[in-house]
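Before I ask anything, let me first share the structure, which is written out below as structure tokens.
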Amino acid sequence: MLERYTRPEMGKIWSLKNKYAAWLKVEIAATNAWAELGEVPAEDAKKIADNASFTVERVNELEAITHHDVVAFTRTVSESLGEEKKWVHFGLTSTDVVDTAQGYILKQADEIILKDLETLKETIADSARKYKYTVEMGRTHGVQAEPTTFGLKLARWYAEINRDIERFKAAAKDVESGKISGAVGTFANVPPAVETSVLKQLGLTQQPVTSQVLPRDLHAYYIATIALIATSIENWATEIRGLQRSEIHEVEEHFRAGQKGSSAMPHKHNPIGSENLCGMARVMRGFMVPAYEDVALWHERDISHSSAERVILPDATIGIDYMLNRFNRILTNLDVFPETMLKNMDRTYGLIYSQRVLLKLIDEAGLSREKAYDMVQKLANKSWQEQTSFRKLIENSEVMNYLSEADLDDAFDYHYHLKHVDEIFEKCGLD
């Protein structure tokens, strides 16, 4: 991932130094497990745990000769040990180390991502409560429909991020797996007890059966979950972009002192943060293709998944970490204009209350739905075409044969549409 989109904490997790550190944790855990079984002398296992070390430079130097990163790594570690070095990598195949360490690294990344999700969840919750009763237009097909509140819009986001969190927890548990089952998954040279011990030491999930590698549907599900989180962010960012349009201008990304919106037009305030996140979401969804294609490996394993995962796993986790943090900043500093929201409700001449008039004609006046609908639609169309008050047209029409001024006062009161806000918030867990 570009440095531009890499936050330092997540970037360190995907460094070569941390990768080899994870490999070393696996190797040490394996010798500890062998010692628990009495196959490796306890004192040798302790020497390995206390003294085994590496340098990235030395691993790279040996890899240039061996053209095999795990062999280069184990030989580097062996150089830091005495006779006990013979137990390093004992009974293991390369992927026992690589896949298990990768699960451990993903566990580290997932802790950051889950923290990001929880932080954004609280930001959304705070904003939803703040704007709970801030009335604004609900729009369908981009056209004004009926009143809602900005808080209800945010409540939808809150419910969505809760679903994202639950999906991510499930996907993370699966992908935070390891395996110490040997060259084809038969445990021929390493007993199942070693795998059980290693994964317990590292806090990783144990799969019931593996080949030389962990099944890659675990990783496909994980990447798809991250892509869906990115798509949620895109959904919310798209809403901000729409509401920031000059013709609506109900919210605006905070424009900092000294910030410039255009090299040519000094007046421009553009939703660049939200636009950036929409573009990032496209990249994140793109990672699903190689992740899904990595599932179909040859027989007990081929290496075609490796090159893809070296890109998509770091970039997906780095990318979603960036997206969650940037959207959190956008929402925390979002400028909201309640007065404009109220003003925009009058842009359609009161047509937003057409359903209320329709239902009163049916419920209180006893008209058939067809007659009431045609009567109201005729007046609504005239109001739109002539850009005149919908209520005034009603007051000078046959509708008044059935409804009173008090009925119209009730029908044209936006508070009617907010009567269940508290109940919805309670269902969302925002009470």
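Between residues in region 399-424 that are in contact (Cβ under 8 Å) with a residue 60 or more places away in the chain and residues that are of a type in the set (G, A, S) and part of a helix (DSSP H, G or I), which pairs lie under 7 Å by C-beta distance while being six or more apart or on different chains?
These pairs meet every condition: I424/A155.
Quick grid of which residues meet (1) in the same structural domain as T317 (by TED's automatic domain parsing); (2) out of contact with any Ser or Thr (no Cβ under 9 Å at 6 or more places or on another chain):
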| site | (1), (2) |
| --- | --- |
| L62 | no, no |
| H68 | no, no |
| R75 | no, no |
| G82 | no, yes |
| V97 | yes, no |
| Q108 | yes, yes |
| I112 | yes, no |
| L120 | yes, yes |
| V135 | yes, no |
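While we're on this one: Show me the helices (runs of 4 or more DSSP H) found entirely inside region 1-100 where at least 2 residues are more than 30 Å from G319 (Cβ to Cβ).
On the way: elements: 8-13, 16-36, 42-51, 56-66, 69-78.
Qualifying helices (runs of 4 or more DSSP H): 16-36, 42-51, 56-66, 69-78.
Looking at A224, A230, A257, A170, which is the one that is assigned by TED's automatic domain parsing to the domain that holds T100, out of contact with any Asp or Glu (no Cβ under 8 Å at 6 or more places or on another chain) and outside any helix (DSSP H, G or I)? Give the steps one after another, and end with the answer.
Details: A224 fails: outside any helix (DSSP H, G or I); A230 fails: outside any helix (DSSP H, G or I); A170 fails: outside any helix (DSSP H, G or I).
When all the criteria are applied, what remains is A257.
Going through T317, T332, T340, T388 one at a time, which residue ends up being closer than 30 Å to H219 by Cβ and among the hydroxyl-bearing types (S, T, Y)? Outline the logic, then answer.
Working: T332 fails: closer than 30 Å to H219 by Cβ; T340 fails: closer than 30 Å to H219 by Cβ; T388 fails: closer than 30 Å to H219 by Cβ.
Selected residue: T317, the only one of T317, T332, T340, T388 that is closer than 30 Å to H219 by Cβ and among the hydroxyl-bearing types (S, T, Y).
Suppose the filter is modelled with pLDDT of 95 or more, within 30 Å of T225 (Cβ to Cβ) and out of contact with any Leu (no Cβ under 6 Å at 6 or more places or on another chain); does V357 pass it?
Working: modelled with pLDDT of 95 or more: yes; within 30 Å of T225 (Cβ to Cβ): no; out of contact with any Leu (no Cβ under 6 Å at 6 or more places or on another chain): yes.
In short, no.
Also: Please determine whether any residue of region 310-332 is in contact (Cβ under 8 Å) with a residue 24 or more places away in the chain, more than 14 Å from the chain's Cα centre (by Cα) and assigned to a loop (DSSP other than H, G, I, E, B).
no
Follow-up question, since we're still on this one. I need the full set of residues from region 203-217 which are in contact (Cβ under 8 Å) with a residue 24 or more places away in the chain and either among the polar types (S, T, N, Q) or surrounded by fewer than 19 Cβ atoms within 10 Å (Cβ to Cβ) (or both), in order please.
Taking region 203-217 and keeping what is in contact (Cβ under 8 Å) with a residue 24 or more places away in the chain, we get 203-207, 209-217.
Passing the criteria: G203, T205, Q206, Q207, V209, T210, S211, Q212, P215, D217.
The values are calculated or read from the model by the stated rules, or taken from the named source; none is laboratory data. Quick caveat, the model's predicted, so the values are computed rather than measured. Neighbour counts are summed over all protein chains in view; Cβ atoms, including those assigned to glycine, are modelled from backbone coordinates with ideal geometry.
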